[in-house]
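The block underneath contains the structure these notes are about, expressed in structure tokens.
The values are calculated or read from the model by the stated rules, or taken from the named source; none is laboratory data. What you are looking at is a predicted structure, and each value in this text was computed from that prediction instead of being measured. Counting neighbours? That spans all protein chains shown, and the Cβs are built from the backbone with ideal geometry, glycine included. In case anyone asks, the SASA skips ligands and DNA or RNA and just uses the protein heavy atoms, side chains included. Shrake-Rupley method; radii C 1.70, N 1.55, O 1.52, S 1.80 Å.
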Amino acid sequence: DQQVKQNSPSLSVQEGRISILNCDYTNSMFDYFLWYKKYPAEGPTFLISISSIKDKNEDGRFTVFLNKSAKHLSLHIVPSQPGDSAVYFCAANVMDSNYQLIWGAGTKLIIKP
Amino acid sequence: GAGVSQSPRYKVAKRGQDVALRCDPISGHVSLFWYQQALGQGPEFLTYFQNEAQLDKSGLPSDRFFAERPEGSVSTLKIQRTQQEDSAVYLCASSGKGRRETQYFGPGTRLLVL
């Protein structure tokens, strides 16, 4: 039973255009969401987060949108750069948990020059 | 500054062998986590320490898995009598004490059980 789903295993985007990565969740108790980026042979690196009391959080080229009614969040990267090519993971925090992060399976983003 | 380090980076074990995976967290980080990542999947939570106390071990898949952090710093994940299904990347992360503190990950140990 996957509580966090990333339905697109991969995404290819032209350099300079917008990349949109999607994530769906099923557990309504989730109150905090994060995006991590992972290069091959490295551990995941924190990118951006959003609390359930907000619907948008922005940090430079990265914006995360949260639609609680649809249980959906998305990560927008604009403009996309070659260094953005990586696997992106969506993760969620369960309210009152012991800090557990529940992760999606990841989306591989490929930025084409 | 130094990040989270893990050793070994790669480990090949014969089925039935015991293995020990080491994690050196960021200095001063109170919280330490272990995750298991199967090929093509996201990390799955195994266990969580706050200082030397193991507060959550609900993700450990069987009693063959054991983790410790005796002095509240370095942690070791031990897998006894390894099975082929234990093959995965084992990730360690550390963070400050707060629930919203960012988890910083090490590069992982890739375990292959033959």
Task: Hey, B:ALA93 within 13 Å of chain A (Cβ to nearest Cβ), free of Cβ contacts under 8 Å to residues at least 60 places away in the same chain and touching a strand residue (DSSP E or B) at 6+ places or on another chain (Cβ under 6 Å) or not - done: no
- [ ] Could you tell me whether any residue of the stretch B:48-62 is under 14 Å from the mean Cα position of the chain (by Cα), outside any strand (DSSP E or B) and either within 23 Å of B:LEU114 (Cα to Cα) or away from every other protein chain (no Cβ under 14 Å) (or both)?
- [x] yes
Task: Looking only at the stretch A:84-113, and only at residues there that are at pLDDT 95 or above, among the β-branched types (Val, Ile, Thr) and more than 13 Å from the chain's Cα centre (by Cα), the one that is surrounded by the most Cβ atoms within 10 Å (Cβ to Cβ) - done: A:ILE111
Open item on the list: Give all pairs with beta carbons closer than 6 Å in which a residue from the stretch A:29-40 that is open to solvent by less than 30 Å² (accessible area, probe 1.4 Å) meets a residue that is outside any strand (DSSP E or B); count only pairs at least 6 apart in sequence or on separate chains.
Closed with: A:ASP31/A:SER52; A:ASP31/A:MET95; A:TYR36/A:PRO44
Task: Filtered residue count, the stretch B:72-103, keeping only those that are part of a strand (DSSP E or B) and surrounded by 16 or more Cβ atoms within 10 Å (Cβ to Cβ) - done: 11
Task: Residue identified as over 22 Å from A:ILE102 (Cβ atoms), crowded, with 17+ Cβ neighbours inside 10 Å and among the basic types (Lys, Arg) among B:ARG9, B:ARG69, B:ARG15 - done: B:ARG69
- [ ] Kindly provide the set of residues from the stretch A:50-64 that are open to solvent by less than 70 Å² (accessible area, probe 1.4 Å), out of contact with any Asp or Glu (no Cβ under 9 Å at 6 or more places or on another chain) and farther than 16 Å from A:GLY83 by Cα, ordered by number.
- [x] A:ILE50, A:ASN57, A:THR63
Open item on the list: Of all residues being within 11 Å of chain A (Cβ to nearest Cβ) and open to solvent by 70 Å² or more (accessible area, probe 1.4 Å) in the stretch B:18-47, which is nearest to A:THR107 (Cα to Cα)? Just the residue, please.
Closed with: B:GLN41
- [ ] With the condition kept exactly as written, say whether any residue in the stretch A:6-21 is part of a strand (DSSP E or B), open to solvent by 70 Å² or more (accessible area, probe 1.4 Å), under 24 Å from B:GLY108 (Cα atoms) and more than 14 Å from every other protein chain (Cβ to nearest Cβ).
- [x] no
